[in-house]
1. Taking square-rooted eigenvalues a ≥ b ≥ c of the alpha carbon gyration tensor, is the range 103-152 rounded, prolate or oblate, where a/c under 1.5 means rounded and, failing that, a/b exceeding b/c means prolate?
2. What helices does the chain hold that run 18 Å or longer along their axis, going by alpha-carbon atoms, with a Kyte-Doolittle average of 0.5 or more, using DSSP H for the helix calls?
3. I want to make sure I understand the PRE zone here: with the label point 7 angstrom from the Cα of Thr43 toward its beta carbon, which residues in the range 66-104 have backbone N atoms less than 14 Å away?
4. Mind putting a number on the dipole of the chain about its Cα centre? Charges go on the C-beta only, +1 for Lys and Arg and -1 for Asp and Glu, and I need it in Debye to the nearest 20.
5. Leaving out same-chain residues fewer than 8 places away, which lysines sit with a Cα under 16 Å from that of Lys31?
6. Lys103: which aspartates and glutamates have alpha carbons under 18 Å from its alpha carbon, excluding same-chain residues fewer than 8 sequence positions away?
7. When DSSP assigns beta bridges and you keep just the ones with both residues in the chain, what percent turn out antiparallel, to the nearest 5?
8. How large is the helix-only mean residue ellipticity at 222 nm for the chain, computed as the sum of -39500 (n - 2.57) over DSSP H runs with n ≥ 4, divided by its residue count, in deg cm²/dmol to the nearest 500?
Amino acid sequence: MSLTIGTPAPLFELSDQHGANFSSQSLIGQKNLVVMFYPFSFTGTCTGELCAIRDDLNAFQNDDVQLVAISCDSKHSQRVFSETEGYKFPVLSDFWPHGAISKTFGVFDDTRGCAVRGTFIIDKEGIVRWQIVNGLGDARNNGDYKAAIAAL
């Protein structure tokens, strides 16, 4: 079960692809946050989705919005993945405890041990304003994100 629109988003801290700590709480009052969960680094659909965002990054990350991508891969895998693909946004590791943040957002698939394709837009006050949760093989529509971000 995912989150409810209009309720506070779970706060979280994870390591990014460089081992630096990322805290969602640090953005409260500062920036809107786009949290994009994806199943696995280096897979076709996940790479395609993140590369499409990379190629249109100003729509998803700017002075008012911070984007983070999260999977249950290790920070070491995240680093190689982000460097290979040229991602200029935090790629966070929900590796240990395995899937803990994915579970708090209601997007962890216990059977496969990974997050499904869940995206959450959280406003500057920490409130969930938009979300979509797709299955493992169902790519997301970036136009939907752009419209939701523009509505903030």
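1. Values: a/c = 4.61, a/b = 1.53, b/c = 3.00.
Because a/c hits 1.5 or more and a/b fails to exceed b/c, the range 103-152 counts as oblate.
2. Values: long enough: none.
The qualifying helices: there are none.
3. Under cut-off, by backbone N: 70-74.
4. Values: 12 positive and 17 negative charges, 18 e Å.
About 80 debye.
5. Lys124, Lys146
6. Glu13, Asp73, Asp94
7. Numbers: 17 of 26 bridges.
Approximately 65 percent, going by the DSSP bridge assignments.
8. Details: 4 runs with 36 residues, N = 152.
It comes out at -6500 deg cm²/dmol, rounded to the nearest 500.
Every number here is computed from the coordinates shown, using simple stated rules; none is lab data. These numbers were taken from a predicted model, which means no experiment stands behind them. We place every Cβ from the backbone using ideal geometry, glycine too, and count neighbours over all the protein chains shown.
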